[in-house]
Amino acid sequence: MGTVFSKPSDLLDSVGSHLGVSDWFEVTQERINQFADATGDHQWIHVDADRAKDGPFGATIAHGYLTLSLTNMFLPSLIAVENISMGINYGVNKVRFPAPVPVGSCIRFSAVLQEVNAIAGGVQAIIVITAEVEGSAKPACVVESVTRYLD
């Protein structure tokens, strides 16, 4: 499914590589509600199914930041770097939410290794992760994730 590198420096020669595609994952109302509770964001478009039926999407939708946070759950299935002391989520450069994720829809993630630079003790990789909603022409989320893989 994903791409395995035997050591951090191996990423340097793989810029532009497609890393893989995750399995489909259903976004449930329970998960949306749990995210709302964790973040304090209880906007009706996310948690009020009755009101959302008459809203712009006809149902509740996942928070954009929920979709973003799921990238961390799926990234290890898209890329693995062996023989490291640690991998560090260093942040993101850019995040966009072009389309909603309606409750009950399935999403999956794909990744491309956009840029890799040597740093002290390892490499820093910029991985473009795209969340696709099954049946949607537009992605739900596109993020430039910055990860450091240390020797």
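What follows draws every value from the coordinates through simple rules; no lab data is involved. Given the structure is predicted, the values throughout are model-derived calculations rather than measurements. So basically every Cβ, Gly included, is an ideal-geometry build from the backbone, and we count neighbours across all protein chains shown.
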**Q.** Checking Gly122 against (1) in contact with a helix residue (DSSP H, G or I) (Cβ under 8 Å, 6 or more places away or on another chain); (2) on the phi < 0 side of the Ramachandran plot, the condition it does not meet
**A.** (2)
Q.
Against the definition (buried (at least 20 other Cβ atoms within 10 Å of the Cβ), touching a strand residue (DSSP E or B) at 6+ places or on another chain (Cβ under 9 Å) and closer than 18 Å to Gly104 by Cβ), how does Thr71 come out, yes or no?
A. no
Q) Would you say Ile61 is of a type in the set (A, V, I, L, M) and crowded, with 20+ Cβ neighbours inside 10 Å? A) yes
Q: Quick one: in the range 94-110, of everything that is crowded, with 16+ Cβ neighbours inside 10 Å and hydrophobic (A, V, I, L, M, F, W, C), which residue is nearest to Thr147 (Cα to Cα)?
A: Val95
Q) Restricting attention to the range 85-93, does a residue exist that is in contact (Cβ under 8 Å) with a residue 60 or more places away in the chain, exposed (fewer than 12 other Cβ atoms within 10 Å of the Cβ) and part of a loop (DSSP other than H, G, I, E, B)? A) yes
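Filter the range 2-26 down to residues that are in a loop (DSSP other than H, G, I, E, B) and touching a Ser or Thr at 6+ places or on another chain (Cβ under 6 Å) and give me whichever is nearest to Gly104 (Cα to Cα).
Going through the range 2-26, the residues in a loop (DSSP other than H, G, I, E, B) turn out to be 2, 6-7, 15-17, 22-24.
Checking which are touching a Ser or Thr at 6+ places or on another chain (Cβ under 6 Å) leaves us with 2, 22.
Details: Gly2: 25, Ser22: 18 Å.
Residue satisfying both the conditions and the ranking: Ser22.
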Q | Test: residue in the range 111-125 that is under 30 Å from Glu30 (Cβ atoms), under 13 Å from the mean Cα position of the chain (by Cα) and of a type in the set (Val, Ile, Thr) | A | no
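On the basis of being surrounded by 14 or more Cβ atoms within 10 Å (Cβ to Cβ), in a helix (DSSP H, G or I) and of a type in the set (A, V, I, L, M), does Ala36 make the cut? Break it down stepwise before answering.
Numbers: surrounded by 14 or more Cβ atoms within 10 Å (Cβ to Cβ): yes; in a helix (DSSP H, G or I): yes; of a type in the set (A, V, I, L, M): yes.
In short, yes.
Each row is one residue, and each column tells you yes or no for (1) in contact (Cβ under 8 Å) with a residue 40 or more places away in the chain; (2) under 22 Å from the mean Cα position of the chain (by Cα); (3) under 20 Å from Pro139 (Cα atoms).
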| residue | (1), (2), (3) |
| --- | --- |
| Thr3 | yes, yes, no |
| Gly20 | yes, yes, yes |
| Val27 | yes, yes, yes |
| Ile45 | no, yes, yes |
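Which of the residues spanning the range 126-146 are among the polar types (S, T, N, Q), out of contact with any helix residue (DSSP H, G or I) (no Cβ under 7 Å at 6 or more places or on another chain) and part of a strand (DSSP E or B)? If you could, list the steps in order and put the result at the bottom.
In the first step, residues of the range 126-146 are kept if they are among the polar types (S, T, N, Q); the result is 130, 136, 145.
This time we only want the ones that are out of contact with any helix residue (DSSP H, G or I) (no Cβ under 7 Å at 6 or more places or on another chain), so: 130, 136.
Correct list: Thr130 only.
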Q) Is at least one residue of the range 95-108 of a type in the set (A, V, I, L, M), closer than 27 Å to Leu12 by Cβ and touching a residue at least 60 places away in the same chain (Cβ under 8 Å)? A) no
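Of everything in the range 94-107, what is over 11 Å from Val142 (Cα atoms), assigned to a strand (DSSP E or B) and not aliphatic (A, V, I, L, M)? Give them in sequence order. Show your work before the answer.
Our first condition is that a residue be over 11 Å from Val142 (Cα atoms); within the range 94-107, this holds for 100-107.
Checking the rest, the ones that are also assigned to a strand (DSSP E or B) come to 102, 106-107.
Scanning the range 94-107 gives Pro102, Cys106.
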